[in-house]
Structures are given as structure tokens and as C-alpha cells.
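Worksheet: one structure, shown below.
The values are calculated or read from the model by the stated rules, or taken from the named source; none is laboratory data. The structure presented is a predicted model; accordingly, all values stated were derived computationally and were not measured. Heads up, the Cβs are rebuilt from the backbone with ideal geometry, glycines too, and the neighbour counts pull from every protein chain shown. SASA here: full protein model, heavy atoms, side chains in, ligands and nucleic acids out. Shrake-Rupley method; radii C 1.70, N 1.55, O 1.52, S 1.80 Å.
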Amino acid sequence: MPTILLATIGKRDPFDRGEPTGPLRLARETKPDRALLVATAAVRAQAEATAAELQALGIEIAIDILDDLRRNVPDLAVSVSDLLLAGRDLIRRRPELKEAEVITCFTSGTPQMSIAFTLVVRSLLPRARHFQALNPAEAQGNPLREFDPDALVHLDARDRTLEALAAGNAAAALAAGEPLLNLPAGTPPPWDQKALKAAVTIARALVAVENYQRQWLRQVAANIPARAGGADLSHLKSWLERCSSDDLAWGAELAACSLRLQAADRPAQAILVAATAAEVIISAGLRRAGIDPDDIRDPARLPSGFTEKDRVSIDGGRWRIEGLQRRAKLLEALSPAYRRAVEEQDAETLRARLAGARNEAVHQGRQVTGEALEAAAAYLRILAEAVGAPAPSSLPTIPSSLSALVQLWRT
């Protein structure tokens with residue numbers, strides 16, 4: 001890919017007090033294949049003198065005079081709005097810029113030219129690298145400095161990434177943070193890039209949970225480092241990897257996902273995920289108790305009280321228990337711990353409230369209340385304890401745990 005230097009020209013180019021100005025200094029350091037010099041008619045002579053110096057370096061030269069792009073415009077050199085239009089037209093006339101590695105230096109010319117052309121290139125040539133040339137008499141070290149014109153935008157996006165993750169809004173964290181992992185080469189960002197990458201990867205894993213993409217969870221979790229930004233992530237990493245193969249862990253993580261969705265002010269989605277979490281945990285508890293509710297081969301093994309109405313025939317002479325209410329009833333018959341939860345902690349009432357809120361949200365479009373979400377969280381806590389699943393409130397993926405993690409990255 002060819003390299004093109006795009007530079008504005010001012011009254012002091014190509015030398016100032018014996019020192020090369022920005023365009024010539026950058027050309028000498030980077031040795032581009034071509035250079036496009038932008039000048040007003042008032043400094044045509046300086047543009048031609050700079051071109052001669054660059055040609056001596058073996059660089060192919062082109063000069064664009066802004067007055068030819070914006071004819072009869074008064075104060076062109078200092079009118080930001082007119083310079084923006086001229087810069088846009090210039091880049092559109094030069095399609096080769098979009099196919100090249102572009103390096104820019106807009107410190108020559110008027111301050112308004114620097115502002116306008118930085119904005120134009122930032123918008124139309126987002127992969128370009130930007131350089132400024134400091135006064136050699138005042139600069140310490142190399143007066144040529146690369147800078148990021150989007151530094152404030154990127155800092156804001158980084159903050160939004162961490163804020164969204166701390167709030168449990170994984171989708172928003174991923175959307176804000178993922179573009180920051182592919183910034184153009186140049187000056188390093190003013191943050192711990194490994195910590196940001198870890199935050200984005202964690203957000204990606206939590207989005208996979210939210211979308212029930214369990215099949216991708218181990219692969220995504222494997223990319224989370226054990227440590228980043230002073231934070232120990234080994235527990236979170238191993239937890240998400242465990243969720244990909246352990247059904248009780250997966251159900252508990254869905255319960256944590258419900259808490260994240262609730263924190264992100266998505267109550268309808270939170271209640272739907274809570275209902276799914278309950279079914280996953282109950283089904284895993286039944287398998288631990290010796291009966292797979294999705295693959296019953298000997299109905300005689302079912303407890304008394306379960307009839308043909310409680311099971312659905314599937315191919316191969318097998319049956320399954322259909323519906324969360326029937327599965328909860330079966331778990332109550334098989335698990336003394338869950339039976340005590342029903343008798344002493346009103347677990348069945350809480351389960352019925354969860355199912356009712358879920359059905360009302362799906363079938364009637366009713367708003368999910370805070371009380372329904374509290375009941376769902378209480379049921380999932382009781383259910384997890386009864387079947388030996390990890391307690392959702394103890395997980396590294398609930399909002400309070402994520403907030404504590406992000407706090408380490410902010411300090």
C-alpha cells in the first residue's frame with residue numbers, strides 16, 4: 001500500500017530559521033511515496049519550494065491550490081466553514097487517498113486550516129495518522145509528534161464501556177468498547193489496553209449468555225486473561241468456562257443474567273431469563289436426583305401420582321415431562337431439600353408468581369413489576385440452594401461484582 005503525505009503549507013515553509021517545518025520534517029522521517037501539498041494562492045511560492053525539497057528526496061509531488069476549489073471566497077485561509085468544504089472537495093477529487101496509508105501534518109498555514117483539515121481527514125479518512133510539528137527551539141526531544149484527533153471521543157467511549165459493564169449492561173459495554181480494540185496504529189491510548197480488552201471480552205461473554213449462546217461461551221471465556229489492570233480475573237474466567245458444561249452453573253448464570261437485565265432497566269427480558277433459569281436449574285436438579293425429564297425411558301420410575309397426562313411421548317419409546325410446573329412437582333417428590341423449601345419457604349408460591357409474570361409479559365404485554373422481579377430472584381435463590389447450584393448472589397457476573405471489578409480499573 002503506498003504512503004501519501006497530506007500537508008498544508010504556510011508562509012514559513014519549507015524552512016524556519018534553518019529548521020525544516022512540519023511537512024518537510026515529516027517527509028524526511030517517514031519517506032512517503034507521494035505528497036499532496038495544500039496551499040492558498042498567497043503561499044504558492046512556499047508550496048513550490050517545499051515541493052522542490054520533497055522531490056529531491058525522491059517523493060512524487062502534487063499541489064492543490066484551495067482558491068481553485070473555492071473560487072471568489074473572501075477570507076478563505078481563515079474561514080473554517082469554507083475550508084471544510086474545500087477539504088471535502090479535495091479528498092473527493094483524490095480517490096487515491098482512500099486506497100493509501102495517509103499521514104498528515106497540518107501545523108503549517110493558518111490555525112483555521114489546521115482545524116478544518118484535521119476535521120475533514122478525521123471524517124473522510126478515518127485510518128489516517130496525524131502528526132504535529134512543534135517549534136524545535138521550544139520542544140524537548142523530537143518536535144514531530146503523532147496525536148489522535150479522536151482522543152476525547154475514545155476516552156469517552158472507554159468510560160462508557162466501563163460504566164455499562166459496571167451496571168450489568170453487557171451489550172452497551174460491548175458496543176462502546178469493541179471499536180477501541182482496532183484503533184489505527186500510532187500513539188498508545190491513555191488507558192491500560194489489556195484491561196480494556198478484558199472488559200470487552202467479558203462483555204462479549206455476558207452477551208453470549210444473554211443470547212443463550214452457550215456453545216460459544218467456553219471459546220469466548222478462554223480469551224479472558226487471568227489478570228488485567230491489577231485485577232484477578234481467574235475466578236470469573238473459570239466460572240464462565242464452567243457454565244459451558246455444567247448445567248447447574250449455567251442455570252445460576254442465567255439467574256445472574258436476569259439480575260443484570262434488571263439493573264439495565266430491562267424488566268421484561270429479566271423475567272423471561274429468570275423463568276428460563278428456573279427451568280434449567282430444576283431440570284439439572286432432576287438429573288442429579290436420577291431422572292432426566294427430557295429423556296424418560298421407564299415411566300415406572302416416576303413417583304406415584306405421575307400419570308400419562310404428565311408426560312409427552314417422543315420418538316424411540318421415550319417420554320419427557322412438559323412444563324415447569326410439572327417439573328417442579330417432580331423435583332418436590334424426588335428432592336427432600338426442595339420439598340422443605342416448598343413447605344417452609346413458600347417456594348411453590350414464588351415459582352407460580354414467576355411463571356405468571358412471565359406469561360403476562362409474553363401473552364398480554366403487561367409490564368413486569370419490581371415485586372415480580374424480587375419474587376423471581378427469591379425463588380431462584382431458594383431453588384439454587386435446594387438443588388446444590390451456585391448461589392446467584394455469589395457469582396462474579398452479578399452487577400455488584402462487575403462494579404467492584406470496574407472500580408479497580410478506574411483507579
Lone unmet requirement of (1) more than 33 Å from the chain's Cα centre (by Cα); (2) within 22 Å of residue 239 (Cβ to Cβ); (3) not hydrophobic (A, V, I, L, M, F, W, C) for residue 401: (1)
Pick out the one residue from 126, 136 that is surrounded by 13 or more Cβ atoms within 10 Å (Cβ to Cβ), at pLDDT below 95, part of a loop (DSSP other than H, G, I, E, B) and not small (Gly, Ala, Ser). 136
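Return the residue satisfying two criteria in turn: it lies in the stretch 14-60 and is part of a strand (DSSP E or B) and open to solvent by less than 40 Å² (accessible area, probe 1.4 Å), and of such residues it is nearest to residue 89 (Cα to Cα).
Filtering the stretch 14-60 down to residues part of a strand (DSSP E or B) leaves 15-16, 19-20, 34-39, 60.
Now drop any that are not open to solvent by less than 40 Å² (accessible area, probe 1.4 Å), which leaves 20, 35-39.
Numbers: 20: 29, 35: 17, 36: 14, 37: 15, 38: 12, 39: 14 Å.
By that ranking, first place goes to 38.
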Expected single match for in contact (Cβ under 8 Å) with a residue 40 or more places away in the chain and farther than 28 Å from residue 180 by Cα among 203, 255, 231, 264 is 255
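What number of residues in the stretch 310-358 are of a type in the set (Lys, Arg), part of a helix (DSSP H, G or I) and either under 13 Å from residue 382 (Cα atoms) or open to solvent by 40 Å² or more (accessible area, probe 1.4 Å) (or both)?
Within the stretch 310-358, the subset of a type in the set (Lys, Arg) is 311, 318, 320, 326-327, 329, 339-340, 351, 353, 358.
Next cut, part of a helix (DSSP H, G or I) only: 326-327, 329, 339-340, 351, 353, 358.
With either under 13 Å from residue 382 (Cα atoms) or open to solvent by 40 Å² or more (accessible area, probe 1.4 Å) (or both) added as a condition, the list becomes 326, 329, 339-340, 351, 353, 358.
Number satisfying all stated conditions: 7.
Is it the case that some residue within the stretch 268-283 is among the aliphatic types (A, V, I, L, M), open to solvent by 50 Å² or more (accessible area, probe 1.4 Å), at pLDDT below 95 and part of a helix (DSSP H, G or I)?
Residues of the stretch 268-283 among the aliphatic types (A, V, I, L, M): 268, 270-275, 277-278, 280-282.
This time we only want the ones that are open to solvent by 50 Å² or more (accessible area, probe 1.4 Å), so: 272.
From what's left, at pLDDT below 95: none.
No.
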If I filter the stretch 201-214 for residues that are under 28 Å from residue 151 (Cα atoms) and surrounded by fewer than 15 Cβ atoms within 10 Å (Cβ to Cβ), do I get at least one hit? no
Residues in the stretch 105-161 that are charged (D, E, K, R) and under 17 Å from residue 89 (Cα atoms): how many? 1
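Among the residues of the stretch 284-309, which ones are more than 39 Å from the chain's Cα centre (by Cα), surrounded by 12 or more Cβ atoms within 10 Å (Cβ to Cβ) and touching a residue at least 24 places away in the same chain (Cβ under 8 Å)?
At the first step, the residues of the stretch 284-309 found to be more than 39 Å from the chain's Cα centre (by Cα) are 289-291, 295-309.
Then keep just the ones that are surrounded by 12 or more Cβ atoms within 10 Å (Cβ to Cβ); that gives 289, 291, 295-296, 299, 302, 306.
Those that are more than 39 Å from the chain's Cα centre (by Cα), surrounded by 12 or more Cβ atoms within 10 Å (Cβ to Cβ) and touching a residue at least 24 places away in the same chain (Cβ under 8 Å): 289, 291, 295, 296, 302, 306.
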Among the residues of the stretch 92-108, how many are open to solvent by less than 40 Å² (accessible area, probe 1.4 Å) and farther than 24 Å from residue 29 by Cα? 0
